[in-house]
Amino acid sequence: MKKLLSIALLATFAAAAQAEISLHHAITGEVLDMSFAKKGGNTEAFKEFMQTGKNPYNGNKEVVEQGKSLYMTGCSGCHGHEAEGKLGPGLADDYWTYPRNATDQGLFELLFGGANGMMGPQYVSFNTDEMLKIMAFIRDIYTGDPKKAKWLKP
Ligand code: HEC
């Protein structure tokens, strides 16, 4: 019994040591309520993102293609087919209204929680894994200054 208890305690400490990043709304700064997340998005990639704040899908060509088709369904109507900007701003250049979008964590936070006006929270349309895929597509079509690509930095 005592042994079981110490194993349970050890497991608790191990879990606590793997602290997750904490996600905040791009505008209000409030902690994002992840209970709104659609089912099916808690994949290995998303778990890794929650540990590191980095998108493990970046540079994965197969995933970039999947992200592209998700982007075409859910984002291109407002941001343009090449993310050149339309009703919403361009997403392929290095100018960001919200500079934290140059990091994967910042971009995820903005997608999940939304921003102003027509940019509503994307959890209504996509699960968290799909958001990472869309993000990988956006990074892939980046045309801006490589020095400003903060998501590439360690
Ligand atoms: C109904 C139109 C609409 C849809 C659909 C939409 N957006 Fe937006 N998006 C906007 C508008 C308008 C803004 C500007 C909001 C602001 O400045 O607060 C914006 C802002 C953004 C920004 C911030 C850009 C910056 O310069 O910091 C990102 C990133 C973004 N959208 C990504 C996406 C992605 C990815 C999708 C699809 C999952 C999406 N949006 C779907 C209209 C839309």
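A few points about this structure:
Yes or no, residue by residue, for (1) at pLDDT 95 or above; (2) acidic (D, E):
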site: L5; (1), (2): no, no
site: G29; (1), (2): yes, no
site: K38; (1), (2): yes, no
site: E48; (1), (2): yes, yes
site: G88; (1), (2): yes, no
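- Flag if D93 is at pLDDT 95 or above, in contact with a Ser or Thr (Cβ under 8 Å, 6 or more places away or on another chain) and over 21 Å from N60 (Cβ atoms): yes
- Leading residue by the ranking (nearest to the chain's Cα centre (by Cα)) among those in the stretch 125-146 that are near the ligand (Cβ under 10 Å from one of its atoms) and among the β-branched types (V, I, T): I134
- Against the list (1) surrounded by fewer than 21 Cβ atoms within 10 Å (Cβ to Cβ); (2) within 11 Å of the ligand (Cβ to nearest atom); (3) farther than 23 Å from L23 by Cα, the condition A102 fails is (3).
- Listed by position, the helices (runs of 4 or more DSSP H) inside the stretch 33-98 whose residues that are near the ligand (Cβ under 9 Å from one of its atoms) number at least 2 are 61-74, 76-79.
- For first residues located in the stretch 94-115 and closer than 16 Å to M50 by Cα, partners that are more than 9 Å from the ligand (Cβ to nearest atom) and of a type in the set (D, E) and lie 6+ apart or on another chain with Cβ distances below 9 Å form the pairs G113/E30; G113/D33.
- Within the stretch 105-114, none of the residues are farther than 19 Å from V31 by Cα and modelled with pLDDT of 95 or more.
The values are calculated or read from the model by the stated rules, or taken from the named source; none is laboratory data. Here the structure is a predicted model, which is why all the values come from computation and not from measurement. Cβ coordinates were reconstructed from backbone atoms using ideal geometry, including for glycine residues, and neighbour counts include every protein chain displayed.
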